[in-house]
1. Can residue 72 be described as modelled with pLDDT under 95, of a type outside the set (Asp, Glu) and either on the phi < 0 side of the Ramachandran plot or not in a strand (DSSP E or B) (or both)?
2. Go through (1) outside any helix (DSSP H, G or I); (2) in contact with a strand residue (DSSP E or B) (Cβ under 6 Å, 6 or more places away or on another chain); (3) modelled with pLDDT of 95 or more for residue 228 and report which single condition fails.
3. Report yes if residue 163 is under 21 Å from residue 266 (Cα atoms) and either surrounded by fewer than 20 Cβ atoms within 10 Å (Cβ to Cβ) or among the basic types (Lys, Arg) (or both), otherwise no.
4. Residue 226 is checked against (1) open to solvent by 50 Å² or more (accessible area, probe 1.4 Å); (2) closer than 22 Å to residue 149 by Cα and fails just one. What number does that condition carry?
5. Pick from 47, 80: which is under 11 Å from the mean Cα position of the chain (by Cα) and open to solvent by less than 60 Å² (accessible area, probe 1.4 Å)?
6. Pick out, from the stretch 82-176, the helices (runs of 4 or more DSSP H) lying fully within it that include 3 or more residues that are at pLDDT 95 or above and in contact with a strand residue (DSSP E or B) (Cβ under 9 Å, 6 or more places away or on another chain).
7. Identify, please: which residue in the stretch 101-124 is farther than 21 Å from residue 163 by Cα and more than 12 Å from the chain's Cα centre (by Cα) and is, among those, most open to solvent (accessible area, probe 1.4 Å)?
Amino acid sequence: MKISKAVAAAAAAVALALTATACGGGSDKGASDGGASGDAKNKIVIGIKFDQPGLGLKTPDGKYTGFDVDVATYVAKELGYQPNQIEWKQAVSAERENLISNGDVKLVVATYTINDKRKAKVDFAGPYFLAHQDLLVRADDTSITKAEDLNSKKLCSVAGSTSAQNIKTKLAPDADLREYPGYSECLTGLENKAVDALTTDGSILAGYAAQENNKGKFKLAGLSLSNEPYGIGLKKGDKDLQTKVNAALKKMVEDGSWQKAVDANLGPAGYKAEPAPQITEGS
């Protein structure tokens, strides 16, 4: 009898172990393209800007708003993640390639212009938006109406941005370039007359100019100094993820969600966006 009980107990233990294994067989897989292990498996980490009104902004109450945030949220949902499974990580311009290459983020959706220099380090999906470089100046400043006027001026941009180099190498080589860590610092410098102009994409500048505390202080010069196709950055060689993100972007345009996000986030700034661009990356 004792032997029978022991055998029965052993059999029960084996059965329990087999049941647990079967139930947990898929549990080490997160949602589509999830993290590698541990807590990361049930979330996706996405890099965005934290200081760009209308595009990527972290509000004082800890919420995230903007067109890039809406695009990233839509793409994440198509990959199998709900909004509460997204971890937002700040992606300053100079660190975007490092964040991707080091595996700190899965995607970067942060006004990230596609260019050959960046494509040597990371891959892109998209583009999902076409912006144009412009200048933001003080509202009462009439001395800057074209790029060449910057040759005698102090110009601010953000370290790692393509905009500053475009001015220095092509348009106004004698501009006194000041590179700050973020656009907020540039804006403060512009208001305090430490710099004479801020350059980046017009979509970003419009968002700043439209903020309640900035109304009447600044104006866009209204220039189109370059084409800036925004892409979603991802790890080099991850063709499967690139294909899935491209498919999500196409769906976002087709079902009207893209235009809705543009109108909601950039419309209030009076910014007229280009139509959704054709996807070229990965094709």
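1. Numbers: modelled with pLDDT under 95: no; of a type outside the set (Asp, Glu): yes; either on the phi < 0 side of the Ramachandran plot or not in a strand (DSSP E or B) (or both): yes.
Criteria not met by residue 72.
2. (3)
3. On the way: under 21 Å from residue 266 (Cα atoms): yes; either surrounded by fewer than 20 Cβ atoms within 10 Å (Cβ to Cβ) or among the basic types (Lys, Arg) (or both): no.
Spelling it out, it is not the case that residue 163 is under 21 Å from residue 266 (Cα atoms) and either surrounded by fewer than 20 Cβ atoms within 10 Å (Cβ to Cβ) or among the basic types (Lys, Arg) (or both).
4. (1)
5. Sole residue among the options that is under 11 Å from the mean Cα position of the chain (by Cα) and open to solvent by less than 60 Å² (accessible area, probe 1.4 Å): 47.
6. Numbers: elements: 96-101, 116-119, 162-166.
Filter on the stretch 82-176 gives 96-101.
7. First, pick out the residues of the stretch 101-124 that are farther than 21 Å from residue 163 by Cα: 101-107.
Filter again for more than 12 Å from the chain's Cα centre (by Cα), leaving 101-104.
Working: 101: 56, 102: 107, 103: 48, 104: 70 Å².
So the residue we want is 102.
The values are calculated or read from the model by the stated rules, or taken from the named source; none is laboratory data. Bear in mind that the values here come from a model prediction, so they are computed numbers and not experimental data. Here the Cβ is made from the backbone with ideal geometry for all residues, glycine too, and neighbour counts use every protein chain on show. With ligands, DNA and RNA removed, areas are computed over all heavy atoms of the protein, side chains included. Shrake-Rupley method; radii C 1.70, N 1.55, O 1.52, S 1.80 Å.
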